[in-house]
Amino acid sequence: MRRLGRRDRRYLRDHLIGLGPNGRRMRFCGQPSNEVISDYVDAIDWRHAVLIGQFDGAQLVGVAELFPTLPRWARCAELAVSVSRDWRGKGLGAALTEAALTHAQDHRIRRVTLLISPENQAMLAVAEHQGARLLPVADMVVARLRLRAVPNPVLQGIKAIVAMALPPWGRAARAV
């Protein structure tokens, strides 16, 4: 499992096209054509998106796509997960979701949303296991996750240095 980059576009394109009709419906909540999928991959903003993939040899068999939503200060992201047919039911979707959520949490993202097809029972179970709130909306389920804040070790270190540098009366005043 590793983070994907711009150079991995062909692997992502091949993976998404190879999902087949059922897999495409699960991933995209619809049936996009090969051309639409290719355009989707070409439009990814690799500077801000985080894609984590699992390979079997040279074949990408699963991917978690984490896209920060605008405005960035809102600290929200959308997550999508897809797993190749032969790899479904083996826990790969859950592992990819966990990796993406850990990355999101480490980068101070507080809320993650997933749009899930109601027939995608595996992904609904993964979202529930992660503590998501599931909301049926039209022909999909919106899963909302709140991530807990992780202390930034650099910021914690700076605060400790500043606290030690304050004179004793300054520390007492700051504690109040």
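For this structure, a couple of remarks:
- Inter-residue pairs, beta-carbon under 9 Å, first within 18 Å of Leu19 (Cα to Cα) and in segment 108-131, second assigned to a loop (DSSP other than H, G, I, E, B) and open to solvent by 70 Å² or more (accessible area, probe 1.4 Å), 6+ apart: Ser117/Asp139; Pro118/Asp139; Ala122/Arg88; Ala122/Gly89
- Cβ-Cβ under 9 Å pairs, at least 6 apart or on other chains, segment 85-106 side within 17 Å of Ala122 (Cα to Cα), far side open to solvent by 40 Å² or more (accessible area, probe 1.4 Å) and among the small types (Gly, Ala, Ser): Arg85/Gly18; Arg88/Ala122; Gly89/Ala122; Gly93/Ala122; Ala94/Ala122; Ala94/Ala125
- Looking only at segment 119-132, residues that are open to solvent by 60 Å² or more (accessible area, probe 1.4 Å) and touching a helix residue (DSSP H, G or I) at 6+ places or on another chain (Cβ under 9 Å) come to 3 in all.
- Residue count for segment 77-104 satisfying the condition of being more than 10 Å from the chain's Cα centre (by Cα) and open to solvent by less than 50 Å² (accessible area, probe 1.4 Å): 8.
- Contacts under 6 angstrom Cβ, first residue in segment 46-71 being touching a residue at least 12 places away in the same chain (Cβ under 8 Å) and of a type in the set (Phe, Trp, Tyr), partner exposed (fewer than 14 other Cβ atoms within 10 Å of the Cβ) and not in a loop (DSSP other than H, G, I, E, B), 6 or more apart: Trp46/Arg6
- Scanning segment 106-163 for residues that are in contact with a Cys (Cβ under 8 Å, 6 or more places away or on another chain) and modelled with pLDDT under 90 returns a single hit, Asp139.
The values are calculated or read from the model by the stated rules, or taken from the named source; none is laboratory data. All of these numbers come straight from a predicted model, not from anything done at the bench. For neighbour counting, all protein chains shown are included, and Cβ atoms are generated from backbone atoms with ideal geometry for every residue, glycine included. SASA here: full protein model, heavy atoms, side chains in, ligands and nucleic acids out. Shrake-Rupley method; radii C 1.70, N 1.55, O 1.52, S 1.80 Å.
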